[in-house]
1. What are the residue pairs meeting all of these: first residue in region 741-763, first residue free of Cβ contacts under 8 Å to residues at least 40 places away in the same chain and more than 20 Å from VAL635 (Cβ to Cβ), second residue open to solvent by less than 30 Å² (accessible area, probe 1.4 Å) and aliphatic (A, V, I, L, M), Cβ atoms under 9 Å, and 6 or more apart or on different chains?
2. What residue, of ALA564, ALA555, is modelled with pLDDT of 95 or more and in a loop (DSSP other than H, G, I, E, B)?
3. Please go through region 827-854 and pick out each residue that is open to solvent by 50 Å² or more (accessible area, probe 1.4 Å) and touching a strand residue (DSSP E or B) at 6+ places or on another chain (Cβ under 7 Å).
4. If you take the residues in region 507-526 that are modelled with pLDDT of 80 or more and open to solvent by 60 Å² or more (accessible area, probe 1.4 Å), which one is farthest from ILE585 (Cα to Cα)?
5. Name the strands (runs of 3 or more DSSP E) wholly within region 326-437 that hold at least 3 residues that are open to solvent by less than 10 Å² (accessible area, probe 1.4 Å) and farther than 30 Å from HIS724 by Cβ?
6. I need every pair where a residue in region 338-353 that is under 17 Å from VAL397 (Cα atoms) has its Cβ under 6 Å from the Cβ of a residue that is open to solvent by 50 Å² or more (accessible area, probe 1.4 Å), sequence separation at least 6 or different chains.
7. Mind telling me which of the residues VAL22, VAL26 ends up being in a helix (DSSP H, G or I), in contact with a helix residue (DSSP H, G or I) (Cβ under 7 Å, 6 or more places away or on another chain), more than 30 Å from GLN772 (Cα to Cα) and open to solvent by 10 Å² or more (accessible area, probe 1.4 Å)?
8. So, restricting to strands (runs of 3 or more DSSP E) that lie completely within region 656-717, which ones have at least 1 residues that are touching a residue at least 60 places away in the same chain (Cβ under 8 Å) and under 24 Å from VAL749 (Cβ atoms)?
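The values are calculated or read from the model by the stated rules, or taken from the named source; none is laboratory data. Being a predicted model, the structure only gives us computed values, none of them experimental. Cβ: placed from backbone, ideal geometry, glycine included. Neighbour counts: every protein chain shown. These area figures cover heavy atoms from the full protein model, side chains too; ligands, DNA and RNA do not enter into them. Shrake-Rupley method; radii C 1.70, N 1.55, O 1.52, S 1.80 Å.
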Amino acid sequence: MLNRPFFQRWWRNQSPGVQSTVRQLVNSGQLEFINGGWCMHDEAATHYIDMIDQTTLGHKYIKEQFNVTPRIGWQIDPFGHSAVQAYLLGTEVGFDSLFFGRIDYQDRAKRKIEKSLEVIWRGSKSLGSSTQIFAGAFPENYEPPSRFYFEVNDDSPPVQDDVNLFDYNVQERVNDFVAAALSQANITRTNHIMWTMGTDFKYQYAHTWFRNMDKLIHYVNQDGRVNALYSSPSIYTDAKHALDESWPLKTDDYFPYADRINAYWTGYFTSRPALKLYVRMMSGYYLAARQLEFFKGRSEKGPTTDLLADALAIAQHHDAVSGTSKQHVADDYAKRLFIGYKQAEDLVSNSLACMVESASASGCKNPLINFKQCPLLNISYCPPTEADLAPGRKLVVVVYNSLGWKRTDVVRIPVVNENVIVQDSTGKEIESQLLPIVKASIAIRDYYATAYVGESPTSSPKYWLAFTATVPPLGFNSYVVTSGKRAVAASIPQTFYKTDGSQSDAVEVGPGNLKVLYSANGGKFTQYFNKRNQVRSSLEQSFSYYSADDGSKDAWKDLQASGAYVFRPNGSFPIHSEEKVPVTILQGPLLDEVHQNINSWIYQITRVYKEKEHVEVEFTVGPIPIDNGIGKELVTHIQTDIKSNKTFYTDSNGRDFLKRIRDYRADWDLQVNQPAAGNYYPINLGMFLKDNSNEFSVLVDRAVGGSSLVDGQLELMLHRRLLHDDGRGVAEALNETVCALGKCVGLTVQGKYYLRVDPVGEGAKWRRSFGQEIYSPLLLAFSEQDGDKFTKLQVPTFTWIDPSYSLPDNVAIITLQELEDHTVLLRMAHLYEVDEDKDLSATASVELKRLFPKKINKIKEMGLSANQEREEMEKKRLKWKAEAPNDPPVVPRGRPVDPTKLVVELAPMEIRTFVIDLSQSLSASEVWKSHMSL
């Protein structure tokens, strides 16, 4: 296993002779690439699309340089292991086996007794045995046996084979070797065992390792009791497979992970929440940017999406997006993402300009329109929209939709005054709404914009301008903001209501079907009611924090502190308002907002939209106070009346949902010693509760940790600020600060989560469809124009696909990318699990002829990472037998694509990958004109 970016750096600097030698070693099997991704990614805080992209990047590089395809998964260091890793980034990329190091200490102890460290892992209930893989956990993480460490400063006795020296010890070392081998054999099935010779921070002086291993192999084989050899995971896998054994069956995942009592590695599910959001934002942006790069036509001279691809790939590392690196390393990950974004931003702006200007088929080199974007829009910083529009000037807003179906959403942009109107692409004024930007938001905006761009903002917007945008699939629509008297909607909100915290009457919020009831006294929402389906539920949200254990007083004497990896609380404390909280309610035609200043470091805005049936909660948390010398881990609770009976469901890398039961593990009898930390799970998409009547769902905007520690209640950890290291490798406290305007303060985090109650069995539709909208938000681009220019745009609205067609509701395009050879990489994912929805958990069909306006000359189905053809991958992949006497039949998958009909079938949870050769490219204007003539 080699870290791909480091290998690439080394490889580029080698002479042709050295490169030739390396290729010979690869061809002979003496050097093997395993796993093969751009990094060894995390498995908790990563989204499945990012996992696929970074693996594809690494596999592509290996294929180009060495013409090999890795066949072994090697995830030895991530802190727990996901079901998606097993089936999607295991079987579906062509791996024959998967090896890993970190599983719960209680689980490992039982598996040693049962000889079940090695299993057949069936990670997908939808795809069943078609995606099972041989998987093995090592007996002791990924260490060699005790007394077989050979770094120059290790204590293990080296093999001294000079009989003339006093410390000659060949027989002693052979006996130690045989004893260690037999000990491992006693917990492993078959007569083959694997020793991982090395661990973290080893091989800094490789000569001592190989010299001693050479001697051990020689003398142990002379002894004859065991046979030792230099091997590889591939050789080991083939030896195991040749014995035709049946293996224990493993389903679900290996979360949460604890390496000893009181040490649950569940804090990193939330650590560095701002970095986690940045990675997620860049991931969705990268998906959209690749589409626009394809529509315009890839240019080797740039700009391209390549730098962003590289930065996003390395950010998936298990000490990157996980939040478990040192601060200066986390800063470097963010810096690389920003550099990649800037190049992709130029590409997106150029592509959109070319498309709206109707470039000819010969290409578009110098578009006239200069589009600008606003990556800091979440803190209301967007210079292009903050211009005070003079008469005759217009702000053009192009809204791009990277999803495969039409989308309607509310766009919000900051503006400096209320005298603005919004028109659609036909020139018709549309309904809009103004909401004042509160002082708390302006303060954060000014401080963080200065910190991020290096200079203080020159303007100060007063309002959010909100309007509804309707955008076609894989396309854009354009809107115009001008100065003028608002004819359609009232100025500022229709209703501005502020309590003083002492009223007793409840207040109803929501301009559409969804109504949320707030208690004026205390400002808490208490009731959720959907008029459309008559779903009513009590709902109460609150904040609390866990006091972080500093590890100094420990009855177990393991001195375990809460840190970047480990969540170890020392008590939970509700956060009560410092005084009666006034509630400000803004009501208008498009949305209602409820503003609550919970205390000096928590501010919350709750939104209910006219056309949506969910609640959006925006939180601003920080700086978390540490004046008392105690670190804090902030959580929010949402209590419902659902009778959940200890059961809740969490997503696996944004893909499958897994059933969780509080204080329970399916594989062993859990000793509960950390009731909070031991029940935390990684959340990338969301989690939900259900009973016989309703189901309650929460979706998130980034990776976080979450649980259900009380029946009917879901809990999300939003932010962590700690003062002690947890002893797992970071060697510094997780105490993030931001410096600007001559001062440094603790990090403030802003984010969103979303709530919805549905009749039981109907929640999946919202979780899946709206989950895609969260991952792929509308992309906004802005340009200030003279008054008459906008009417001359050749392409004011655009869709790449047949305008009478859209993808099925249960299918998403997760990759649409032009490759270097000008073929197209297409990936489509079925969004639903088997039996998840009564209508949408069915096989879906996509008509490629209507998806592409250009003729498809040739299509090849590939493995998930696109480094080998699917058919060949399936033929050579090893088949394994599981100990499953009542094994269900193999789940049917989508049929091969007929080259004439060009229809792709996708079974539930199936992802299919294609490389497509298209006819000559069409410009945006040609596509648009062809659509207009239909």
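1. So the pair list comes out as CYS744/VAL738.
2. ALA564
3. Within region 827-854, THR843, SER845, GLU847 meet the criteria.
4. Checked region 507-526; the qualifying residue farthest from ILE585 (Cα to Cα) is ASN513.
5. Passing ranges, in order: 393-401, 407-415, 432-436.
6. Every condition considered, the pairs that remain are SER351/LYS296.
7. Numbers: VAL22 fails: in contact with a helix residue (DSSP H, G or I) (Cβ under 7 Å, 6 or more places away or on another chain).
Step by step, each of VAL22, VAL26 is checked, and only VAL26 is in a helix (DSSP H, G or I), in contact with a helix residue (DSSP H, G or I) (Cβ under 7 Å, 6 or more places away or on another chain), more than 30 Å from GLN772 (Cα to Cα) and open to solvent by 10 Å² or more (accessible area, probe 1.4 Å).
8. Of the strands (runs of 3 or more DSSP E) lying wholly inside region 656-717, those with at least 1 residues that are touching a residue at least 60 places away in the same chain (Cβ under 8 Å) and under 24 Å from VAL749 (Cβ atoms) span 681-683, 686-690, 694-700, 704-707.
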